[in-house]
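Here's the structure we're looking at; comments come further down.
The values are calculated or read from the model by the stated rules, or taken from the named source; none is laboratory data. Computed from a prediction, not measured in an experiment: that's the story for all the values here. With ideal geometry, Cβ positions are generated from the backbone for all residues, glycine too; neighbour counts draw on all protein chains shown. Only protein heavy atoms, including side chains, enter the accessible area calculation; ligands, DNA and RNA are left aside. Shrake-Rupley method; radii C 1.70, N 1.55, O 1.52, S 1.80 Å.
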Amino acid sequence: MKRLLLISAITFVIGCNKPGKKYFTGTIEYTYTYSSDSLNADSLAKTRPSKGFLRYDTVNYQSKFIGTDTIVYYYSGRFNKCLSETDHLGNYACEDYGVFTDSVLSYRLIDTDEKILGYSCTILEIQKKNSWLRYYVSNELKIAPATYRKHISYNWDLYGDKAGGGLILRSEHRFKYFTMKGIATAIGARSAGFKALEIDEKLFSQFCK
């Protein structure tokens, strides 16, 4: 698979969590596909995200999903809260990501020789109460612990811990009636000073009360 980068060289910044350890800061893009044994795959694709755009710095992350609506999630590692916004209308909803939302029944790590965008991977499989996940996580690119260690909701803390913060390059999410697959199509690393959030962080104090 051809390696696509948004800039010519990978650069990193020093993370604040462990002095001397380098963490990925920048952007990653995904495309998503859907399949189902009982539902129409074309209909699923029309109502669910077709692309995802994620941004990471050493404290925060931002995820934008393009579909019928454009939904953006802004996560503050300082507040451990998320603001979500639909279609850039400025109507923010706040969610506390320190709240438990799902049960993990089991997990396992699997070695693989597969490379995605030129990066070697380890597979993390997670069996949850209501779904099953497979993540192909990078062995070279690691996101900072501040972006996941307190993030209990949706078991993001477990992913970060078991995957060592490896950047997700491919995903498979099996729900009861359909499966959603994602693949990274471009990675753009950024240097020190890059900010993941494209909003004023003061909004967390305003909307998360």
Asp69 paired with Glu114, simple spin-label distance in nm, labels 7 Å along Cα-to-beta-carbon = 3.2 nm
Förster radius 35 Å - calculated FRET efficiency between Asn40 and Val99, Cβ distance, rounded to 0.05 = 0.55
Positive dipole terminus of the chain, leading residue within Thr101, Thr112, His151 (C-beta point charges) | Thr112
In whole Hz, what ³J(HN,Hα) sequence does segment 112-129 give by Karplus (6.51, -1.76, 1.60; θ = phi - 60°), x for Gly and Pro?
-> 8, 8, 5, 10, 10, 6, x, 9, 6, 9, 10, 9, 10, 9, 10, 9, 9, 5
Using only the alpha carbons, work out the radius of gyration and Dmax of segment 78-203 in angstrom.
-> 15.8, 44
Phi to ³J(HN,Hα) by Karplus 6.51 cos²θ - 1.76 cosθ + 1.60 over segment 61-68, Hz, x for Gly, Pro = 9, 9, 10, 10, 10, 9, x, 4
How much of the accessible area of the chain, in percent, comes from carbon and sulfur atoms when a 1.4 Å probe is used?
-> 50 percent
Over the chain, give the accessible area per residue in Å² for a 1.4 Å probe, as an integer.
-> 52 Å²
Cα pair distances exceeding 17 angstrom across segment 128-202, given as percent | 57 percent
What is the magnitude of the charge dipole of the chain about its Cα centre, with +1 placed on the Cβ of each Lys and Arg, -1 on the Cβ of each Asp and Glu, and no other charges, expressed in debye to the nearest 20?
-> 380 debye
The set of residues whose placed amide H lies less than 5 Å from the amide H of Ala144, leaving out same-chain residues fewer than 5 positions away, is Phe24
Can you run phi through the Karplus equation (6.51, -1.76, 1.60; θ = phi - 60°) for segment 78-95 and list ³J(HN,Hα) in whole Hz, with x for Gly and Pro?
-> 5, 8, 6, 10, 10, 9, 10, 9, 10, 6, 6, 8, x, 9, 8, 10, 9, 9
Return the subset of Lys162/Lys202; Lys128/Lys150; Lys115/Lys150 for which the Cα-Cα distance in this structure is over 27 Å, preserving the input order.
-> Lys162/Lys202; Lys115/Lys150
